[in-house]
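Read-outs throughout are calculated quantities, based only on the coordinates presented, and are distinct from any laboratory measurement. Please read these numbers as outputs of a predicted model, since none were measured by experiment. When we count neighbours, we look across all protein chains shown, and the Cβ atoms used for this are built from the backbone with ideal geometry, even at glycine.
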Amino acid sequence: MSSASASVIRLHNISKHYGGEVQAVNKLSLDVPRGTLLALLGPSGCGKSTTLRLIAGLETPDSGDIWLDERHVTGRGVQVPPEARRVGMVFQDYALFPHLTIADNIAFPLNHLPATQRRQRVAAMLELVGLQGRERRYPHELSGGQQQRVALARALAADPAVVLLDEPFSNLDAALRRQTREEVRAILKTAGTTTVFVTHDQEEALSIADLVAVMAGGYLLQVGLPRKVYLEPASLEVATFVGEANIIPGEAHGDTVTCTLGTCRCCVRCVGQCRYWYAMRRFSLRPTRRAAPVSSGSRSTERISRPACAMMMVPVCKRVRCRCSCSHPATGCG
Ligand code: ADP
């Protein structure tokens, strides 16, 4: 297969199982454009870390191909070792050397460079991650967020083609996590690196990633802009995992759908009667003056009566995405 893609990371039909039973990754194909920060998002055990390790060359797939910066690094008869892939990795626990100073930690992958160049590169990395003046300290003398930045500086020091981060913020408390992830995004953007980070935290993925790839059960379910994945989930599984969703079953009739809230316009057209579900975001049921009274029930139920809800849904239709869960051949749904 040609590698004529502009993607820096390219996975084609990658599968990996463990011990004959566990199918960790299933026919996964993924393209990560240059300079993109992609979040690999999914519940625990869905195959995220395995995918990351396959990209790094720490695991060998059963089948499939991987290209890094247009170089075929994994495939039939090809398995370039991790150290020859130009991959920088940041592990969950940062994996800093406790007996080395911050400067020596960052300089670790630069042993092939002359001393002067090595010092210059370390200084540039310290500046990039905002830790100038702390180069003589040891890891235990830094906060969790600072250690995280040292790990990132070390990963970036050797000018990698890609950077991979495995649950990079999970060791930090909530407040520090929010601040650190913004800092990490800024550093990666300044460095212009192509990055994949693994997370099970939807908020984290949606807030800092350029692209979100949602995985479940070893399968890649959807890849897209955070906003798109959130507002237009491709399947019920994505809708329920990425953020909170109100799932409402209904019956489709062409471009309208009848559900418990009334009859609403539909985002996709479906011929014939199909089963629909709505993944509703940023949607509130507010009464309108034009609400038609319901024949029975109290005043409060009247205020969120079915006709009122239906009226409110029409103007916000662009935000209320519906997906057909049938497999009707005329629509390509399903
Ligand atoms: P995630 O990162 O999404 O939590 P992993 O990629 O770590 O998921 O694991 C995917 C599946 O593969 C899980 O069922 C896990 O138990 C299994 N697995 C991962 N690594 C190994 C291994 N070295 N040996 C056996 N099973 C493994």
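Tell me whether the stretch 2-86 comes out rounded, prolate or oblate; compute the Cα gyration tensor, take square roots of the eigenvalues as a ≥ b ≥ c, and use a/c under 1.5 as the rounded threshold.
Details: a/c = 1.76, a/b = 1.28, b/c = 1.38.
Judged from the Cα gyration tensor, the stretch 2-86 comes out oblate (a/c at least 1.5, b/c at or above a/b).
Non-local amide H neighbours of residue 194 (under 5 Å, H modeled in plane, Pro and chain starts lacking H): which ones?
The answer is 35, 163.
Can you give the FRET efficiency for residue 256 and residue 138, using 1/(1 + (r/R0)^6), R0 = 56 Å, r = Cβ-Cβ distance, to the nearest 0.05? Don't skip to the answer; put the middle values down first.
Details: r = 66 Å, r/R0 = 1.18.
The pair residue 256/residue 138 has a calculated efficiency of 0.25.
Would you mind computing, in nm to one decimal, how far apart the modelled labels at residue 104 and residue 190 are, each placed 7 Å from Cα along Cα→Cβ?
2.6
Which whole-Hz couplings ³J(HN,Hα) result when phi for each residue of the stretch 60-68 is put into the Karplus expression 6.51 cos²θ - 1.76 cosθ + 1.60, θ = phi - 60°, listed in order with x for Gly and Pro?
10, x, 6, 7, x, 10, 9, 10, 10
Quick query: amide H of residue 89 versus all other amide H atoms, modeled in the peptide plane; which residues come in under 5 Å with a sequence gap of 5 or more or a different chain?
164
Name the shape class, rounded, prolate or oblate, that the alpha-carbon gyration tensor gives for the stretch 85-163, where a ≥ b ≥ c are the square roots of its eigenvalues, rounded holds for a/c under 1.5, and otherwise prolate holds if a/b is larger than b/c and oblate otherwise. Numbers along the way, then the final one.
Numbers: a/c = 1.61, a/b = 1.15, b/c = 1.40.
Verdict is oblate for the stretch 85-163.
Under 5 Å between amide hydrogens, which residues at least 5 positions from residue 158 or on another chain qualify, with H placed 1.01 Å from N in the peptide plane?
Excluding prolines and chain starts, which carry no amide H, there are no hits.
Give the residue list of trypsin sites (Lys or Arg not before Pro) in the stretch 94-137 that are DSSP loop and have at most 15 other beta-carbon atoms within 10 angstrom.
Details: sites: 118, 119, 121, 134, 136, 137; in loops: 134, 136, 137.
Within the stretch 94-137, the qualifying trypsin sites (Lys or Arg not before Pro) (loop, at most 15 other Cβ atoms within 10 Å) are 136, 137.
Where a ≥ b ≥ c are the square roots of the eigenvalues of the C-alpha gyration tensor, would you call the stretch 10-147 rounded, which needs a/c under 1.5, or, failing that, prolate if a/b is larger than b/c, or oblate? Write out the running numbers ahead of the final one.
On the way: a/c = 2.42, a/b = 1.86, b/c = 1.31.
Judged from the Cα gyration tensor, the stretch 10-147 comes out prolate (a/c at least 1.5, a/b above b/c).
Stretch residue 63-residue 124 to full length: gain in nm at 0.36 nm per residue minus the Cα-Cα span? Numbers along the way, then the final one.
On the way: separation 61, 0.36 × 61 = 21.96 nm, distance 3.99 nm.
So the chain would gain 18.0 nm between residue 63 and residue 124.
When the Karplus curve 6.51 cos²θ - 1.76 cosθ + 1.60 is applied with θ = phi - 60°, which whole-Hz ³J(HN,Hα) does each residue of the stretch 72-87 get, with x for Gly and Pro?
6, 10, 9, x, 4, x, 10, 8, 5, x, x, 5, 9, 9, 6, 10
Excluding residues fewer than 8 places away in the same chain, name every one of the aspartates and glutamates whose C-alpha is closer than 19 Å to that of residue 16.
Reachable aspartates and glutamates: 31, 59, 62, 65, 166.
Can you pull the one-decimal nm distance between simple spin-label points at residue 15 and residue 236, each 7 Å off the Cα toward Cβ?
2.6
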